[in-house]
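Contents: one structure, followed by commentary.
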Amino acid sequence: MKVSGKKVNEAGQLDLLIREHQAGNVSGSVSLAADAAMVASDLIGQGIVESWVPDDIAPHLSEGTRDPLIVVSDPHVWAYNSGAHQSCPITNVWQLADPDWKGRVTLMDPLDKPAYADWFNQLARDHDAEMAAAYQDHFGKPFDAAQGSATEAWVKAFAANGPLVSDSAHVSDAIGAPGQERPFFGMLSTAKFRDNEDKGYQLAVCTGMKPFAGWLYPGLGVIAKGTPAPNTAKLFIHYLLTEEGIGAQSVDGKVPSDPRIGLPADEASGIGAHLDELMAWNNAEASDDLDARQDWQDIWRTSLTR
């Protein structure tokens, strides 16, 4: 079977799915959806796409990955330059709001990368106690609950500390390029760890960081309603759930939903040994993430200093 693929960003993917559905001319049958909140809470509900899980694989998937189907999860991790530091210079997320790290942290822009705004919401809703505990560990005093959410306080303080926001390539450059005396610390997808081999970079995962070393972002496998080849689309979804089908992504550290597959031994980041340090994504609350997205982007926008 011959398959033609197209790589597009979140907004472009959504636009393509919606416009083809409205036109009744579906050419993209399967999408590995990048904007999980929008797809799970909106496009599926509108009947633009549907989720389908193969019967023979479903029993091996955890309940949280079946409805809608999560084909793979993308780890976004805190990372440092191992050529400049013998070990990670950060042990607690609240250090990123300290004066020592002003203007020295980088990540993708939450205004352009909605997953990052959704991550803030996931932290605040499901893990605010852990954020408050990390605050106490760092400052030696309890977080003042009168301030409201510990996560919101951290987002404001972090943004006010002048992080560099950019695309994934420039984030990787700023953290991992060799020969830097004071390289940036930051967050990026494990997919960028391929730069260690391709460019001689020195990216390393910051393990042991409180409360999390990063988070796992779900890639939803959905089928476009109205596709002229629905059974072929199902066959391709099945293929993506196999070791061969997901191999091109698992080699970049993206974690297959079927635990029988795992990650290749030569995966560059080594994240497979630290998955328990990552925040697990709560995909059941996708509609809440979508509803709160603009609020978190506004908090980031109004707090950010350059």
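For region 1-88, what does the relative contact order come out to in percent, with C-alpha contacts under 8 Å and a separation of six or more?
It rounds to 19 percent for region 1-88.
For region 71-168, which trypsin sites (Lys or Arg not before Pro) are both in a DSSP coil and crowded by at most 11 other Cβ atoms within 10 Å?
Sparse-neighbourhood loop trypsin sites (Lys or Arg not before Pro): none present.
Straight-line reach from Lys210: which lysines fall under 20 Å, measuring Cα to Cα and dropping same-chain residues less than 8 apart?
Lys102, Lys141, Lys156
State, as an integer percentage, the relative contact order of region 214-306 based on alpha-carbon contacts under 8 Å between residues 6 or more apart.
28 percent
Would you list Asp137, Asp74 from fewest to most Cβ contacts within 10 Å?
The fewest-first ordering by Cβ neighbours comes to Asp137, Asp74.
Net charge near Leu17, counting Lys/Arg +1 and Asp/Glu -1 over other residues with Cβ under 13 Å of its Cβ?
Local charge sum for Leu17: -3.
How much length is gained on full extension from Asp198 to Arg125, taking 0.36 nm per residue of separation minus their Cα-Cα distance?
Between Asp198 and Arg125, full extension yields 22.4 nm more.
Expressed as a whole number of Å, what is the distance separating the alpha-carbon centroids of region 175-206 and region 62-115?
After rounding, the separation between the Cα centres reads 13 Å.
Looking at Leu16, Ala37, Gln86, which one has the Cα that reaches farthest to the positive end of the dipole of region 1-87 (charges on Cβ: Lys, Arg +1; Asp, Glu -1)?
Gln86
Angle check, please: helix 114-126 long axis (alpha carbons) against the longest principal axis of the chain (alpha carbons), in degrees 0 to 90, nearest 10.
The angle comes out near 70 degrees.
Please state the Cα pair-distance histogram of region 112-225 with 10 angstrom bins from zero: what percent is in each bin?
Going out from 0 Å in 10 Å bins, region 112-225 shows 11, 36, 33, 17, 3, 0 percent.
Quick check on the exposure proxy: order Ser149, Ser73 from fewest to most C-beta atoms within 10 angstrom.
Ser149, Ser73
Would you work out the charge dipole size for the chain about its Cα centre, treating the Cβ of every Lys and Arg as +1 and the Cβ of every Asp and Glu as -1, and quote it to the nearest 20 debye?
Using only the charged Cβ atoms, the result is roughly 640 debye.
Would you order Phe139, Phe185 from fewest to most other beta-carbon atoms within 10 Å of each residue's own beta-carbon?
Phe139, Phe185
In terms of the Cα gyration tensor, with a ≥ b ≥ c the square roots of its eigenvalues, is region 1-99 rounded because a/c is under 1.5, prolate because a/b exceeds b/c, or oblate?
It comes out prolate by the Cα gyration axes.
What pairs from Lys6/Lys192; Lys2/Lys192; Lys2/Lys234; Lys6/Lys113 go past 21 Å between their alpha carbons?
Lys2/Lys192
Just so you know, all these numbers are worked out from the coordinates, no wet-lab data involved. Keep in mind the model is a prediction, meaning the values are calculated, not measured. Note that each Cβ is placed from the backbone with ideal geometry, even for glycine, and that neighbours are counted across all protein chains shown.
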